[in-house]
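Enquirer: Got a structure here, written out as C-alpha cells. Questions coming.
The values are calculated or read from the model by the stated rules, or taken from the named source; none is laboratory data. Note that the coordinates shown come from a computational prediction; the quantities given were computed from them, not determined experimentally. Positions of Cβ are generated from backbone atoms using ideal geometry, with glycine treated the same way; all protein chains shown enter the neighbour counts. These accessible areas exclude ligands, DNA and RNA; they are computed on the full protein's heavy atoms, side chains included. Shrake-Rupley method; radii C 1.70, N 1.55, O 1.52, S 1.80 Å.
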Amino acid sequence: MTPATNRQRASNGNDIIIIGAGVAGLAAGCYAQMNGYRTEIFELHDQPGGLCTAWQREGYTFDGCLYYLFGSGVGQPFHQVWEELGVVQGREFVHHNEFLRIVEPKGKTLIVYSDPDRLETHLKALSPIDSLLIEDFCDGIRAFTRFDMSLLYQKPRSLLRLRDWMQISRKLLPFVALLATWGSISAEEFANDFQDPFLRRAIRQMFSWSQIPVMVGMSLLAHAHNRNAGVPNGGSLEFATAIAQRYLDLGGTIHYNAQVEKILVRNHQAIGIRLYNNDEYYSDRVIAACDGRGVLFDLLRDYPVARSAQQLYDGHLPVRSQLQVSLGVNRDFSQEPHWVTYLLDQPITIAGEAHSEISVKHYCFDPSLAPSGKSVLTVMLTTPYDYWQRIYGRPLYHHEETQEASILIDQLEQFYPGIQSEIEHVDVATPLTYERYTGNWQGSSCGWLLTKQTLPLLIKGIPKTIPGLHRFYRIGQWVEPGGGVPIVAMSGRLILQQICHEDRKVFRTDLISRSNL
C-alpha cells in the first residue's frame with residue numbers, strides 16, 4: 001500500500017516503524033507482531049526481499065541471492081527461525097553433494113565434496129605429498145559438523161547474564177582451539193601451504209573469495225554435510241515473499257515505493273520518519289533495517305552520531321561490490337556440475353580489473369527458474385564500484401555493460417562450445433544496480449565482507465543502538481559482519497528480544513502449521 005499525500009499519524013505508544021523490507025526488516029516485523037506491537041514497514045522498492053531477490057526476463061528467472069541456506073534441515077541450527085517465519089513449511093530444498101568444482105585449463109579438477117571423508121580421499125589423490133595438511137583440514141570440517149553456530153544468536157549480548165555466558169562457554173569450549181586456528185588463516189594463506197601447484201591455486205577459490213577465514217568455509221561444508229545448507233526451490237524472491245506474507249498474516253503493514261528521507265528525532269529520541277513525498281509517520285520506536293552508511297550520514301544527518309560509528313565507513317573495512325551477468329540459454333545444463341570455477345591461463349580484464357578465474361553457476365536443479373529444456377546461468381565477479389559510478393547515467397554505462405558481458409560470453413564459449421548461439425537473453429547487474437534497487441552502500445551484496453579483518457567485529461558485535469539516541473535500533477548485515485540470510489533474520493529476532501526486555505514483556509514466538517506454501 002502507499003501512504004496518502006501529506007499524511008501524518010501519531011503513535012499509540014506501542015508502535016514500531018521499520019525501515020526496509022529485506023529479510024532483517026521482515027523478520028523484525030514478524031516477531032514484533034507476535035509480541036503485540038503494531039508495526040509498519042517502509043520499503044523503497046516495489047517488492048519485498050531487499051538483496052534476497054530475483055527478477056524475470058523473457059521467461060527466465062535470474063536469482064540474485066540464495067545458493068544455499070543454513071537452517072534447511074529439520075532440527076538443525078537456524079531451522080527454528082525459518083519455521084517461525086513460515087518459509088520452510090511445505091518447501092522443498094535441494095541438497096548438493098558437492099559444493100563446487102575448480103577446473104584448471106588442462107582439465108585437472110578439484111571437486112569440493114561436502115562429505116569430509118570423500119573430500120579427504122579426493123584431495124589426497126590429487127596431492128599425496130600434502131596428506132597431513134589435508135587431514136588437518138578435513139578433521140576441522142568433521143569437528144564443525146558438531147558446532148552449533150546459532151549459539152551466538154540465542155539472545156542479544158546485552159541481555160546475557162553470567163549463567164548464560166557459562167552455558168555458552170561450556171558448549172564452545174571443545175571448539176576454542178579449532179576456532180582460533182582456522183579463524184586466523186585465510187583461504188589464500190592456507191592455499192600457500194600446499195606443495196602441489198594446482199591445489200595451491202585451487203584451494204584459495206574453494207569458498208568464493210580468497211580472503212575468507214578458513215573457519216567459515218569449514219562451517220559451510222559442515223552444514224552442507226549435515227544437509228542443513230540446501231537451496232530452496234522457487235528462488236530468493238519467492239522465499240522473501242513468503243516471509244512478507246507471514247508478516248501480513250500477523251497483521252503487519254508494508255508500504256512499498258515509500259523511501260524514507262529522514263528519521264525524526266526529538267529530545268534525543270527517535271519519534272518517526274519522513275518520506276521523500278513529505279509524509280510523516282510517528283511511532284514509539286524506529287528500527288533501521290537498511291543501508292548502514294545511509295542511516296548514519298543521511299537519515300540521521302542532523303543528529304550528532306559518534307565518530308566511532310562513522311569510522312566504520314571510512315574505507316578501511318572491506319565490502320563486496322559485484323557484477324552479475326545472467327544468461328537465459330536454450331540448452332539443458334542439468335547434467336553439468338551446478339557450480340564450476342574455471343582457472344584461466346591468461347587473465348581477462350573486466351571493468352578495468354584483471355580476473356584469473358571465472359565462476360559459473362546454473363540453476364537447473366530448480367525447474368521453476370527456466371522453461372523446460374532451457375537453463376539459467378550466472379557469472380559473478382568482484383568489480384570496483386568506482387569504475388561503474390564514474391560512468392553511471394551516461395550512454396557509456398550501458399555500452400560497458402554490453403561489452404563486459406560479451407567478454408564473459410566469449411570466455412564461456414571455450415568452456416561450453418556453441419553456447420553463444422544458444423543465448424536467448426543477457427542481463428547485467430552492476431554495483432550501481434544493487435545500489436539503485438536496495439540502497440546498499442557501494443552496491444555491497446553482503447555488508448561487510450567476512451575476512452580475518454572483520455571476523456573480530458563478528459565476535460565482538462557492532463552496536464545495534466546509537467549512543468544518546470533512544471528508541472532507535474539498527475539491524476541487518478551492516479551490524480552483523482558477513483551478513484547472510486540466516487544471520488540477518490536472527491538480527492531481526494534479537495532486536496525484538498531486546499525491545500521486549502525493555503518493556504518487561506516475555507518474548508514469545510509461534511509457529512504456523514506445516515502446509516504447502
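Enquirer: What's the Kirkwood radius of the stretch 280-398 in Å, using all Cα pairs? Can you show the working numbers first?
Expert: Working: mean 1/r = 0.0538 Å⁻¹.
Its Kirkwood hydrodynamic radius stands at 18.6 Å.
Enquirer: A further question on this structure: Can you tell me how the stretch 375-455 classifies by the Cα gyration tensor, rounded, prolate or oblate, using a/c under 1.5 as the rounded cut?
Expert: Details: a/c = 2.35, a/b = 1.46, b/c = 1.61.
Here the stretch 375-455 falls in the oblate category.
Enquirer: Hey, another quick one. If you rank 383, 349 by how much accessible surface each has, with a 1.4 Å probe, what is the order from largest down?
Expert: Details: 383 10, 349 80 Å².
So, going from the largest accessible area down, we get 349, 383.
Enquirer: Please identify the helices of the chain, taking whole runs of DSSP H, that span at least 18 Å along their own axis as judged from the Cα atoms and have a mean Kyte-Doolittle score of -1.0 or higher. If you can, show how the numbers build up before the last one.
Expert: Values: long enough: 131-144 (20 Å, 0.74); 235-249 (21 Å, 0.14); 395-415 (31 Å, -0.66); 485-502 (26 Å, 0.82).
Flagged H segments are 131-144, 235-249, 395-415, 485-502.
Enquirer: Given only helices, namely DSSP H runs of n ≥ 4 each adding -39500 (n - 2.57), what is the per-residue ellipticity at 222 nm of the chain, to the nearest 500 deg cm²/dmol?
Expert: Values: 16 runs with 165 residues, N = 517.
It lands at -9500 deg cm²/dmol.
Enquirer: Would you indicate which of [x] 56; [y] 49; [z] 40 is the value of percent of Cα pairs over 33 Å apart derived from the coordinates of this structure?
Expert: Looking at percent of Cα pairs over 33 Å apart for this model, the match is [z].
Enquirer: Could you tell me which of 267, 109, 229 has its Cα farthest along the dipole of the chain towards the positive end, charges placed at Cβ (Lys, Arg +1; Asp, Glu -1), taken about the Cα centre?
Expert: Ranked along the dipole, the leading option is 267.
Enquirer: Where only protein heavy atoms count, and the probe is 1.4 Å, what is the accessible area per residue for the stretch 258-329 in Å²? Could the numbers behind the result be given before it?
Expert: Values: 2810 Å² over 72 residues.
Value returned for the stretch 258-329: 39 Å² of accessible area per residue.
Enquirer: In vacuo Debye scattering of the stretch 135-206, one point per C-alpha: log10 I(q)/I(0) at q = 0.14, 0.27 Å⁻¹?
Expert: Computed log10 I(q)/I(0) values: -0.59, -1.23.
Enquirer: Further, regarding this structure: Using a 1.4 angstrom probe and counting only protein chains, how large is the accessible area of residue 357 in Å², to 10?
Expert: Its accessible surface works out to 50 Å², give or take rounding.
Enquirer: Over the stretch 174-260, what percent of the accessible surface lies on carbon and sulfur atoms, probe 1.4 Å? Provide the component values of the computation, followed by the final result.
Expert: Numbers: 1530 of 3060 Å².
Looking at the stretch 174-260 in its full context, I get 50 percent from C and S.
Enquirer: Quick query: amide H of residue 72 versus all other amide H atoms, modeled in the peptide plane; which residues come in under 5 Å with a sequence gap of 5 or more or a different chain?
Expert: Amide H neighbours of residue 72: 229, 230.
Enquirer: What list of whole percents do you get for P(r) of the stretch 6-139, with Cα-Cα distances grouped in 10 Å bins up to the one holding the largest distance?
Expert: With 10 Å bins starting at 0, P(r) equals 9, 24, 25, 20, 14, 6, 2, 0.
Enquirer: Residue 276 to residue 115: FRET efficiency via 1/(1 + (r/R0)^6), r the Cβ-Cβ distance, R0 56 Å, to the nearest 0.05?
Expert: Working: r = 52 Å, r/R0 = 0.92.
Once the sixth-power term is evaluated, E becomes 0.60.
Enquirer: Also: So how much slack lies between residue 168 and residue 148, counting 0.36 nm per residue of separation and subtracting their Cα-Cα distance, in nm?
Expert: Working: separation 20, 0.36 × 20 = 7.20 nm, distance 1.04 nm.
The span from residue 168 to residue 148 would gain 6.2 nm if fully extended.
Enquirer: Could I ask something else about it? Work out, step by step, the length gained on full extension between residue 403 and residue 365: first 0.36 nm times the residue separation, then minus their alpha carbon distance; give nm to one decimal. Display every interim value, and only then the final one.
Expert: Values: separation 38, 0.36 × 38 = 13.68 nm, distance 2.97 nm.
Answer, rounded to one decimal: 10.7 nm.
Enquirer: Over the stretch 227-291, what per residue volume does the convex hull of the Cα atoms give, in whole Å³? Could you put the intermediate results ahead of the total?
Expert: Working: hull volume 9.7 nm³, N = 65.
Hull volume normalised by residue count: 150 Å³.
Enquirer: Accessible area, 1.4 Å probe, largest first: how do 348, 499 sort?
Expert: On the way: 348 25, 499 0 Å².
Accessible-area ranking of 348, 499, largest first: 348, 499.
Enquirer: What is the gain in length, in nm to one decimal, between residue 392 and residue 349 on full extension, counting 0.36 nm per residue of separation less the C-alpha to C-alpha distance?
Expert: Working: separation 43, 0.36 × 43 = 15.48 nm, distance 1.95 nm.
This chain segment gains 13.5 nm when fully extended.
Enquirer: Treating cross-link reach as a plain straight distance, find the lysines whose alpha-carbon is under 21 Å from the alpha-carbon of residue 505, omitting any fewer than eight places away in the same chain.
Expert: 155, 464
Enquirer: With the full set of protein chains in place, find how many percent of the accessible area of the stretch 360-517 is carbon and sulfur; take the probe as 1.4 Å. Walk me through the numbers before you get to the answer.
Expert: Details: 3690 of 7010 Å².
Looking at the stretch 360-517 in its full context, I get 53 percent from C and S.
Enquirer: Show the residues, 5+ positions off or on another chain, whose built amide H is closer than 5 Å to the amide H of residue 57.
Expert: 62
Enquirer: For residue 108, give me every one of the lysines with a C-alpha distance below 17 angstrom, ignoring sequence neighbours fewer than eight places off in its own chain.
Expert: Cα-Cα hits under 17 Å: 124.
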